[in-house]
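Structure first, then comments.
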Amino acid sequence: MNNDLSEKWPRFSEFVEFREEMNEKILDLDHLGIKRFFTLDDRAYTDGAIPVKYKELMGLVASLVLKCEGCINYHIATSVRQDISRKEFSEAFNIGLIIGGSIIIPHLREAVAFLDECLEIREQQPELLDF
């Protein structure tokens, strides 16, 4: 991403750049098990009996409870692509908080900051969310 995007949406820009760079390096290891897991992960979040929208919210809640910042950011960005509203996010955040307890609060701070950027991107440059 260019510097203009990094200045406007620093959390999102850093997340996407790091994710893309490291995924490429990981897949360049050319390990069958790793490639299979990445494929399995991708397929778990496709439409089925449960629509993608709800699968992404489930992934977000699980990521909050597991306290995985990269996963939280990923599921926020992919949920924003699914046109999930701020109210829907707040309910998912609440479920994560209830399950995980007060230790989730610092992760919620980061999550809401990242969500704000993603929602702004959805309004101004939605194509950036197609990473």
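Laboratory data are not the source of any read-out in this text; all were calculated from the coordinates shown. Here the structure is a predicted model, which means the values were calculated and not measured. Counting neighbours? That spans all protein chains shown, and the Cβs are built from the backbone with ideal geometry, glycine included.
When you scan the stretch 75-83, do you find a residue that is in contact (Cβ under 8 Å) with a residue 24 or more places away in the chain, farther than 20 Å from I121 by Cβ, surrounded by 11 or more Cβ atoms within 10 Å (Cβ to Cβ) and under 14 Å from the mean Cα position of the chain (by Cα), even just one?
No.
How about the stretch 1-58: which of its residues are within 19 Å of E117 (Cβ to Cβ), small (G, A, S) and within 15 Å of the chain's Cα centre (by Cα)?
Passing the criteria: only S13.
What pairs can you find where one residue is in the stretch 31-52 and under 18 Å from I84 (Cα atoms) and touching a residue at least 12 places away in the same chain (Cβ under 8 Å), the other is outside any helix (DSSP H, G or I) and of a type in the set (F, W, Y), and their Cβ atoms are less than 8 Å apart, with a gap of 6+ or different chains?
These pairs meet every condition: V52/Y45.
Of all residues in the stretch 62-73, which are among the β-branched types (V, I, T) and over 11 Å from the mean Cα position of the chain (by Cα)?
Hit for the stretch 62-73 is V65, nothing else.
Please find, within the stretch 88-121, the residue that is surrounded by the most Cβ atoms within 10 Å (Cβ to Cβ) out of those that are within 16 Å of S6 (Cα to Cα) and of a type outside the set (A, V, I, L, M, F, W, C).
Within the stretch 88-121, the match that is surrounded by the most Cβ atoms within 10 Å (Cβ to Cβ) is E117.
For H107, are the conditions met, namely being of a type outside the set (G, A, S), touching a residue at least 40 places away in the same chain (Cβ under 8 Å) and within 22 Å of R19 (Cβ to Cβ)? Reasoning before the result, please.
Values: of a type outside the set (G, A, S): yes; touching a residue at least 40 places away in the same chain (Cβ under 8 Å): yes; within 22 Å of R19 (Cβ to Cβ): yes.
So H107 passes the test.
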